[in-house]
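Here's the structure we're looking at; comments come further down.
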Amino acid sequence: MRAEKEFLVNEVGTYLDASTYALLVEYTRLTVAEVAALRTRLKPLGAQFHVVKGAILSKAGEKRSLPSFKELLVGQVAVITGGDDVASIVKATEGYFKEKEKGAMKGALLSGAVIPPARMAELRTLPTMAEARSQLLALLNTPATTLVRLIGTPSQQLVNVLDAFVKKGEGTAA
């Protein structure tokens, strides 16, 4: 392989190594300004948008013993990597493509598995990191709330009995 290609394969490989996922997107008809705007939208999420040649991306995947994803590399392909919250990144990217009515998700590599376009809907429905944390917190908080309520119930019942006794005593004294 020529030195230039080897350099590009290694550079794309660093993108793949730095992330547990790689979203493959088609960016046909997106202007340079629109790609820059998408990069700006992805930056706060920690994600990066890289335009790459399919052959280079495929070679970088092969060097890292990733399963073959050559069928996803048709057309103009870019790769989105980085960031911890893949669900937020998928939602942001698809939202941008929907706004512009251009671009499409082609598939993904997620923890070494190829996600075809037909299964991308599953990534869309994943909760974002913030949603998952709040769900976990609610799940952990529910038993504690129940425990506090159960501990407080006998004392509340005792107060109710004493209150009823006092009211009964007041009724007979009058």
Starting from the 7 Å offset along Cα-to-Cβ, what nm value, one decimal, do you get for the label separation of R119 and E170? 6.9
No solvent, one uniform scatterer per C-alpha: report log10 I(q)/I(0) for the stretch 3-126 via the Debye equation at q = 0.12, 0.17 1/Å, two decimals. -0.39, -0.81
The alpha-carbon center of the stretch 64-113 and that of the stretch 132-166 are separated, in whole Å, by 47
Rounded to the angstrom and largest first, Cα extents along the principal axes for the stretch 96-174 equal 84, 30, 18
Nonlocal amide H pairs with T128, under 5 Å, H built at 1.01 Å: none
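If I stretch the segment between E71 and E101 completely, what's the gain in nm (0.36 nm per residue apart, minus their alpha carbon distance), one decimal?
Net length gain for the segment: 8.5 nm.
Of the listed pairs K53/K102; K59/K91; K5/K91; K70/K100; K5/K102; K70/K91, which have alpha-carbon separations greater than 21 Å here? Can you show the working numbers first?
On the way: K53/K102 19 Å; K59/K91 28 Å; K5/K91 33 Å; K70/K100 27 Å; K5/K102 30 Å; K70/K91 24 Å.
Distance filter (> 21 Å) returns K59/K91; K5/K91; K70/K100; K5/K102; K70/K91.
Just order 100-113, 4-17 by mean Cβ neighbour count inside 10 Å, highest at the front, would you? Please list the in-between numbers first.
Working: 100-113: 16.9, 4-17: 15.2.
The peptides rank, most packed first, as 100-113, 4-17.
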Determine, from the Cβ-Cβ distance of V159 and L126 and an R0 of 41 Å, the FRET efficiency 1/(1 + (r/R0)^6), rounded to the nearest 0.05. 0.30
Hey, if you drop one equal point scatterer on each alpha-carbon of the stretch 123-167 and run the Debye formula without solvent, what base-10 log of I(q)/I(0) do you get at q = 0.27, 0.30 Å⁻¹? -0.88, -0.95
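Values quoted throughout were computed directly from the atomic coordinates according to the rules given, and no laboratory measurement underlies them. Keep in mind that what you see is a predicted model, and the values were worked out from it rather than measured. Don't worry about glycine lacking a Cβ; one is built from the backbone with ideal geometry, like all the others, and counts go over all protein chains shown.
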